[in-house]
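Rule-based calculations on the coordinates, nothing more; no lab input. The structure displayed is predicted, hence computed values, not measured ones. Every residue, glycine among them, receives a Cβ derived from its backbone with ideal geometry; neighbour counts consider all protein chains shown.
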Amino acid sequence: MRTQVATAWLLTAGLGSAPAWAGTLVVQVHGVATTDGQLLVALYDAAHADAYPTRPDAAVLKDVVAPVVPVTTLTFLDVPDGTYAAVVVHDVNGNGDLDTRPIFPIPTEPIGASRDAKGRFGPPKFRDARFAVAGPRTEEKLTLTAL
């Protein structure tokens, strides 16, 4: 199984001084059905919870990686301790966006949230997808689902 490695870039605005600890975050993305397209990954911290998961421009960490079937493992380095929520979109057609149905904004491409959080009549909430990054290594799993 191939592992995707990315160096996390964190927005420094509003984060104050350097964190006391920064570790490795490993995200396992299950349910990857094809190697077509790309995976769009976004990680939000608690300060940007109101933007989760619909405003990738507000994510503190984002990346685009090649999908690996059936599990893509993402490794992010130097992630400060804190509370985060992740979202991954399998952009199967590679257009850089989450495609939705024309009338109702229901995704037509697989999407997954940390803690496998699900939304009710919309996207999941930060509070349902949040997890703690602490210490030298944190692992989180999510499963892509097609709606």
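A few notes on this one:
- Cβ-defined net charge surrounding Thr54, 14 Å radius [Lys, Arg +1; Asp, Glu -1]: 0
- Charge context of Leu98, other residues only, Cβ under 11 angstrom, K/R +1, D/E -1: -4
- DSSP loop trypsin sites (Lys or Arg not before Pro) with at most 15 other Cβ within 10 Å: longest gap in the chain: 3-117
- Helix-only mean residue ellipticity at 222 nm for the chain, each DSSP H run of n ≥ 4 adding -39500 (n - 2.57), per residue, nearest 500: -500 deg cm²/dmol
- Result for the chain in a Gaussian network model with C-alpha springs under 10 Å: among Asp116, Asp128, Asp45, the largest mean-square fluctuation is at Asp128.
- Relative contact order %, the chain, counting alpha carbon pairs below 8 Å whose residues are six or more apart: 33
- Distance between the 7 Å Cα→Cβ label points at Lys118 and Asp99: 2.4 nm.
- Label separation (Thr83 vs Asp128): 1.7 nm, computed from points 7 Å beyond Cα along the C-beta direction.
- Segment 61-75 and segment 90-144: distance between their alpha carbon centers, rounded to Å: 13
- Per-pair calculated FRET efficiency, R0 = 25 Å: Thr145 and Ala66 via Cβ, rounded to 0.05: 0.80
- Relative exposure of Val65, Val88, Val60, judged by other C-beta atoms within 10 Å (fewest first): Val65, Val60, Val88
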